[in-house]
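Structure, as C-alpha cells:
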Amino acid sequence: MQPPAGLCDRCAHQQVVTTTRGSRFSLCRRSRTDPSYPRYPRIPVLACAGFEQRSAIPEQELS
Ligand code: SF4
C-alpha cells in the first residue's frame, strides 16, 4: 500500500505512474506546461493553488 498523495488523489491533473516493481508515484500533469509545479510533488499535498476536483466521469468519455 502506497502512502496517499493527499489533494493530488482527487485532482484532475494527477497521473498515477506505476513502476514494474509495483511502486506508485503521483505525477502532476501541470508540470508539463508550468515549471512552478514539480513533476512529482512531495506527498501528501495538503494545499495546492492548481488543484481542480477530478470529474466523476472517466477522461476517455469526455472527448
Ligand atoms: S495541480 Fe496540485 S493537487 Fe493537482 S496534481 Fe498537481 S500538485 Fe497535485
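Every number in this text was worked out from the coordinates using simple rules, so none of it is lab data. Bear in mind the structure is a predicted one, so any value in this text is a computation, not a measurement. Neighbour counts run over all protein chains shown; Cβ positions are idealised from the backbone, glycine included.
Tell me which residues, restricted to the stretch 1-24, are within 12 Å of the ligand (Cβ to nearest atom), of a type in the set (Gly, Ala, Ser) and surrounded by fewer than 18 Cβ atoms within 10 Å (Cβ to Cβ).
If the condition is that a residue be within 12 Å of the ligand (Cβ to nearest atom), of a type in the set (Gly, Ala, Ser) and surrounded by fewer than 18 Cβ atoms within 10 Å (Cβ to Cβ), then Ala12 is the only one that fits.
Out of all the residues in the stretch 13-57, which are in contact (Cβ under 8 Å) with a residue 40 or more places away in the chain, in contact with a strand residue (DSSP E or B) (Cβ under 7 Å, 6 or more places away or on another chain), assigned to a loop (DSSP other than H, G, I, E, B) and not acidic (Asp, Glu)?
Ile43, Pro44, Leu46, Phe51, Arg54
Filter the stretch 1-12 down to residues that are free of Cβ contacts under 8 Å to residues at least 12 places away in the same chain and in contact with a Leu (Cβ under 8 Å, 6 or more places away or on another chain), then give me how many there are.
Summing the residues that are free of Cβ contacts under 8 Å to residues at least 12 places away in the same chain and in contact with a Leu (Cβ under 8 Å, 6 or more places away or on another chain) in the stretch 1-12 gives 0.
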